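The values are calculated or read from the model by the stated rules, or taken from the named source; none is laboratory data. Note that the coordinates shown come from a computational prediction; the quantities given were computed from them, not determined experimentally. Here the Cβ positions follow ideal geometry from the backbone for every residue, glycine too, while neighbour counts run over all protein chains shown. Accessible surface areas use protein heavy atoms only, side chains included; no ligands, DNA or RNA. Shrake-Rupley method; radii C 1.70, N 1.55, O 1.52, S 1.80 Å.
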Amino acid sequence: MEKETKAFQRVYTKLFQLTKATVSLHAKGIGYDELAIVDGRLAQVVKIMEDLVTLQIFGGTEGIATNAEVIFAGKAPTLKVGDDLAGRFFNAYGEPIEGGEILGEEREIGGPSVNPVRRKQPSEFIPTGIAGIDLNNALVTGQKIPFFADPDQPYNQVMAMVALRAKADKIILAGMGLTRDDYLYFKNVFDNAGALDRIVGFINTTEDPPVERLLVPDMALTAAEYFAVEKNEKVLVLLTDMTLYSDALSIVSNRMDQIPSKDSMPGSLYSDLARLYEKAVQFPDGGSITQIAVTTLSGGDITHAVPDNTGYITEGQLFLRKDSDIGKVIVDPFRSLSRLKQLVIGKKTREDHPQVMNAAVRLYADAANAKTKQENGFDLTDYDQRSLDFAKEYSEKLLAIDVNIETDDMLETAYELFGTYFKPEEVGIKQQFVDKYWKNNKN
Amino acid sequence: MNTIGNVTGIIANLVIVETEGTTAQNEICYIKHGDTRLMAEVIKVVGNKSYIQVFESTRGVKVGTEVEFMGHMLEVTLGPGILSKNFDGLQNDLHKMEGVFLKRGQYTHPLEMEQKFDFKALAKKDDKVVAGSWLGEVKENWIPHKIMVPFVFKGEYTVKSIKKDGEYTPKETIAVLTDKEGNDHEVTMTQKWPVKVPIKAYKDKPRPFKILETGIRVMDTMNPIAEGGTGFIPGPFGSGKTVLQHNLSKNAEADLVIIAACGERANEVVEIFTEFPELDDPRSGRKLMERTTIIANTSNMPVAAREASVYTAMTIAEYYRAMGLKILLLADSTSRWAQALREMSNRMEELPGPDGFPMDLSAIIANFYARAGYVYLPNDESGSITFIGTVSPAGGNLKEPVTESTKKVARCFYALSQDRADSKRYPAIDPIESYSKYLEYPEIEEYLNKTIDEHWTANVFKAKDILLRGKESYEQINILGDDGVPVEYHVRYWKSELIDFAILQQDAFDAVDAASSLDRQNYMLQKSLEVADMDFKFESFEDVGPYFKRVINALKQMNFSEYESDEFKQNEKEFRNILKEQETASKEEEMTAEEKAS
Ligand SMILES: Nc1ncnc2c1ncn2[C@@H]1O[C@H](COP(=O)(O)OP(=O)(O)O)[C@@H](O)[C@H]1O
Ligand SMILES: [Mg+2]
């Protein structure tokens, strides 16, 4: 039954148990987390009890027979890293989709975390041109932040746009349950922008088995660590869609009879996600890993286990929403947050940035109150009416995701709107900034 | 002889080990994986099988691998040199670790055993001493670090000899103690203690009777925490738990601050590493880092060590409390610790309690909070640990096991509200939901009224009442419309807004406003109540808001200026002038009414 092939490899041909996602067999000398090939499919050891070894089959167990061949690899999943990765697309196993070989050093994926005392505090602003992000929720290198969006929002488009404008040395796309159309879209956009040589992709599409997705972020982050640590590069990792990744986690844990937690997610969801997101880092030598992720919501519900745990881990979230008043998708200023923005705004950007940002959001909140009043049939005051008019234009000129301007122009635009609809004392920013930047349009 | 066993099963970081010899609950053991030794702790024993939780990744571990049991529980090393260090959850000195990445199986010594400390004897030959008695002291940063009789010593001892004042390393014997049977025991500057066992080297633990000044108005004024008291901060993500804890660690009036960063973001710890060495301690004038110790077990570090991290932090706090110091212990977030317990309990296929948490979650939390407190030491000095933990409830819903279990034991409840955070009313502590049980203690009430102001507690309850009545008026206005209610409702609402803006809200990022002394808090509370006591006459509801906004602005400007400075006084004058407008207005009105009558 057992025969030794190459060094470290052990081969077995008798399965003891089969479920939809796992197989078990009697085997000896197997290491935890070790990789195996079961009937040609990639698998990983998830449980060992005496000589009974349970393997998770990434491609699913359909059609696997009890006499299937099982080859243990003697090592955990690996990726070959090297400059050769640039400009290429890989499947979940780190094999080039278009064939061929990769030259590089073999690394185990899912490696250890960075010692917190070896990190540097992030401080480099990433302008994207989108005011809903730069003005209200500025991004910083080494940050991890997801888009919270319903499935019908154009999150992948926004993400591709942000990636191209972010001036990263490498963009690593981790596609999990990506539709084939979106995969081709990403390739196309990067190609048209002449950026293909800066891209590395690890792709699991909807046509691939869902459990394979579990390998994708670790592959992408192993590649990211190579470029950030060894080449001191600024690496941007795009993770889309982390809700589909979490679904794969729940498939496996349910099939291993683990007690599910909220929303049938595994009890370890927080740790599982944190392990990935915490790979975002700024190194003292200039290298960094920034992560922009997508967490799709169902009906805008952020209390669901996936967005909820994500929010507790990431450094803020960018909430996409359709504004029916202007008919465009905006970055919602209330529910979005960049926790690292205070490290750059007013420091790397103009001094009045924090004040302008807060004032505009406050006025937008006044408009929301006025709107509620209106909907409840109460009379509007003159101020209410002005804030409503302001909100519409603010949404159109600054919050909409199709805005693409410099940060200073965002501030100027904000002053134009303030001046059109309000008096300085209604806006409530520091007098020194009013003196310097206020635009008096109100006649 | 240490017990040796062999691995028979592995599920993630739960490993099952078969042994011939004895093993104990919570005993530490090491898995010999290749050249590395992976540390683990026994969490269950059935027959000859020990279930161990491994503090590292178990990748590559095989059945049959040898495991050595060490005969002791998880311990920390206590001695001079702990302060301003950055440890992981198992008290490894993070700075001594090699490389950018945390290598598994790498354990580093928490102290500097070669460093010389300037020792001064406090005990002398023939003194009778017990566990925790002060034998001498060394300077650690600016703190007189006491060298104590080890806590494991039982009964009374006689000092046989003690070193002369001078420079010694932590390894050297500084005293010899003789027990009742006449056996001699050598004592150094360091000792070990198992983290899960409370250090009880104190004579008495009275009910807390003093306030720990935090500088945060919404806490000190509205719901103060006692020195040696307990509190917790539940709140959804983004509501301000971490900013509040960082602010407490910067401004609270404590000798030492110990922070357990338990299962949260690494960048938040980096923020402390980066900023604290630069920031001044408002009281000692030294750098904040000199009074701060961080136990960092961030969310990507091994899950099992998360649980250890809070116990490690508590034990270090107890050690310094025994020196007669005032310790503030913070843990962010205790929910991550509870989740680590849940992950393990699920792997062991234990019968789950609510939401899959272990059945004994409440008891574990209660035991932990009970280790805080104000104590009298054997020499009648006092020391304290004030403990504040954050809780991260799933979906922001407070009806979940960790919040509910904590609520049973923590005496202060600082509920962060999503609404307040959304409208940037920071710190987002809900003034109506939150409470401090200490306000009900007669000894605390007496303390407050004696040290701050004889009317203090009466004023606090008055302010609370105004907030409540303001909220009721606001609800009425929303139902009936601005002009559907008497103008008086608007006034009541705006009086509560004034308390909200002038007392509750505080800018954590403003150099002046970030911390407010009790004296200053008293002053501002009196100003706010003065307005609340006034009768206002407004023609229309539309005049109320704009007027109060001006009063609020003046009070806020006072908050932003140095207490009792010229700027402060100038702003107060402005505040007076705005109030006068109303006084004159109502007087004029009275006069016209009188004129009409005559
Ligand atoms: N007191 C405060 N003053 C100003 N901003 C605050 C304050 N508290 C929180 N914030 C804002 O909210 C964000 C999230 O706060 P944080 O304490 O990290 O939340 P939590 O720990 O509850 O998730 C911060 O990054 C900051 O922008
Ligand atoms: Mg936090």
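Structural remarks
- Segment B:114-134 residues that are over 14 Å from B:V149 (Cα atoms), paired with ones that are at pLDDT below 95 and part of a strand (DSSP E or B) (beta carbon under 9 Å, 6 or more apart): B:F117/B:K139; B:F117/B:E140; B:D118/B:K139; B:K120/B:K139; B:K120/B:P144
- Residue check for B:R492: assigned by TED's automatic domain parsing to the domain that holds B:V243 and open to solvent by 30 Å² or more (accessible area, probe 1.4 Å): no
- Yes/no for A:F378 being in the same structural domain as A:D323 (by TED's automatic domain parsing), at pLDDT below 95 and open to solvent by less than 70 Å² (accessible area, probe 1.4 Å): no
- Filtered residues of segment B:16-34 (kept if touching a residue at least 60 places away in the same chain (Cβ under 8 Å) and more than 14 Å from chain A (Cβ to nearest Cβ)): B:N26
Every residue, every condition in (1) part of a loop (DSSP other than H, G, I, E, B); (2) open to solvent by 30 Å² or more (accessible area, probe 1.4 Å); (3) not assigned by TED's automatic domain parsing to the domain that holds A:M161, yes or no:
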site: A:L273; (1), (2), (3): no, no, no
site: A:G311; (1), (2), (3): no, no, no
site: A:L318; (1), (2), (3): no, no, no
site: A:D325; (1), (2), (3): yes, yes, no
site: A:P333; (1), (2), (3): yes, no, no
site: A:K348; (1), (2), (3): yes, yes, yes
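- Test: residue in segment B:311-321 that is open to solvent by less than 10 Å² (accessible area, probe 1.4 Å), within 14 Å of chain A (Cβ to nearest Cβ) and farther than 28 Å from B:T58 by Cβ: no
Rundown of residues vs (1) within 16 Å of ligand 1 (Cβ to nearest atom); (2) within 24 Å of B:T190 (Cβ to Cβ); (3) open to solvent by 10 Å² or more (accessible area, probe 1.4 Å), yes/no style:
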residue	(1), (2), (3)
B:G238	yes, no, yes
B:S249	yes, no, no
B:G263	yes, no, no
B:F273	no, no, yes
B:D280	no, no, yes
B:G285	no, no, yes
B:M289	no, yes, yes
B:T298	yes, no, no
B:A308	no, yes, no
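- Qualifying positions in segment B:367-408 - open to solvent by 40 Å² or more (accessible area, probe 1.4 Å) and either within 14 Å of another protein chain (Cβ to nearest Cβ) or within 23 Å of B:A322 (Cβ to Cβ) (or both): B:N367, B:A370, B:Y376, B:P378, B:N379, B:D380, B:E381, B:A394, B:N397, B:L398, B:K399
- Residues that are assigned to a strand (DSSP E or B), more than 10 Å from ligand 2 (Cβ to nearest atom) and either within 11 Å of the chain's Cα centre (by Cα) or closer than 25 Å to B:L90 by Cβ (or both), drawn from segment B:234-268: B:L256, B:V257, B:I258, B:I259, B:A260, B:C262
- Within segment B:2-15, if we keep just the residues that are open to solvent by 10 Å² or more (accessible area, probe 1.4 Å) and in a strand (DSSP E or B), the residue that is farthest from the other protein chains (Cβ to nearest Cβ) turns out to be B:I4.
- With respect to being closer than 15 Å to B:D332 by Cβ and in contact with a Lys or Arg (Cβ under 9 Å, 6 or more places away or on another chain), B:S284 falls outside the description.
- With respect to the conditions (1) in a helix (DSSP H, G or I); (2) more than 16 Å from ligand 1 (Cβ to nearest atom); (3) modelled with pLDDT of 95 or more; (4) over 21 Å from B:N577 (Cα atoms), B:E454 falls short on a single one, namely (1).
- Any hit, segment A:117-128, residues being over 23 Å from the mean Cα position of the chain (by Cα) and in contact (Cβ under 8 Å) with a residue 40 or more places away in the chain: yes
- Index of the failed condition, B:G215 passing every other in (1) closer than 14 Å to B:I429 by Cα; (2) within 14 Å of ligand 1 (Cβ to nearest atom); (3) more than 11 Å from chain A (Cβ to nearest Cβ); (4) among the small types (G, A, S): (1)
- Filter result for B:A304 (away from ligand 2 (no atom under 16 Å from the Cβ), small (G, A, S) and either assigned by TED's automatic domain parsing to the domain that holds B:G263 or modelled with pLDDT of 95 or more (or both)): yes
- Candidate set: segment A:291-309, residues that are open to solvent by 10 Å² or more (accessible area, probe 1.4 Å) and among the polar types (S, T, N, Q); chosen: the one farthest from the other protein chains (Cβ to nearest Cβ): A:T296
- Residue within segment B:280-297 that is at the interface with chain A (Cβ under 10 Å from one of its Cβ atoms) and aliphatic (A, V, I, L, M) present: yes
- Of the residues making up segment A:325-346, those that are out of contact with any Ser or Thr (no Cβ under 8 Å at 6 or more places or on another chain), among the basic types (K, R) and more than 16 Å from ligand 2 (Cβ to nearest atom) number 1.
- Options B:A554, B:A514, B:A532; residue that is without any contact (Cβ under 8 Å) to a residue 40 or more places away in the chain and crowded, with 16+ Cβ neighbours inside 10 Å: B:A554
- In this structure, B:E268 does not satisfy being within 14 Å of chain A (Cβ to nearest Cβ), open to solvent by 10 Å² or more (accessible area, probe 1.4 Å) and either free of Cβ contacts under 8 Å to residues at least 12 places away in the same chain or basic (K, R) (or both).
- The number of residues in segment B:421-451 being in a helix (DSSP H, G or I), away from ligand 2 (no atom under 16 Å from the Cβ) and within 14 Å of chain A (Cβ to nearest Cβ) comes to 1.
- Residues of segment B:330-366 classified as more than 10 Å from chain A (Cβ to nearest Cβ), without any contact (Cβ under 8 Å) to a residue 12 or more places away in the chain and either open to solvent by less than 20 Å² (accessible area, probe 1.4 Å) or assigned to a helix (DSSP H, G or I) (or both), total: 1
- Only a single criterion out of (1) hydrophobic (A, V, I, L, M, F, W, C); (2) at pLDDT 95 or above; (3) open to solvent by 30 Å² or more (accessible area, probe 1.4 Å) is not satisfied by A:I97, namely (2).
- In the set B:L329, B:L288, only one residue is at pLDDT 95 or above and on the phi < 0 side of the Ramachandran plot; that residue is B:L329.
- Of all residues in segment B:251-261, those satisfying the criterion of being over 16 Å from B:S516 (Cβ atoms) and either within 14 Å of another protein chain (Cβ to nearest Cβ) or open to solvent by 20 Å² or more (accessible area, probe 1.4 Å) (or both) are B:D255, B:I259, B:A260, B:A261.
- Taking the criterion of being at pLDDT 95 or above, outside any loop (DSSP other than H, G, I, E, B), closer than 30 Å to A:R362 by Cβ and not aliphatic (A, V, I, L, M), the residues of segment B:388-420 that qualify are B:T390, B:F413.
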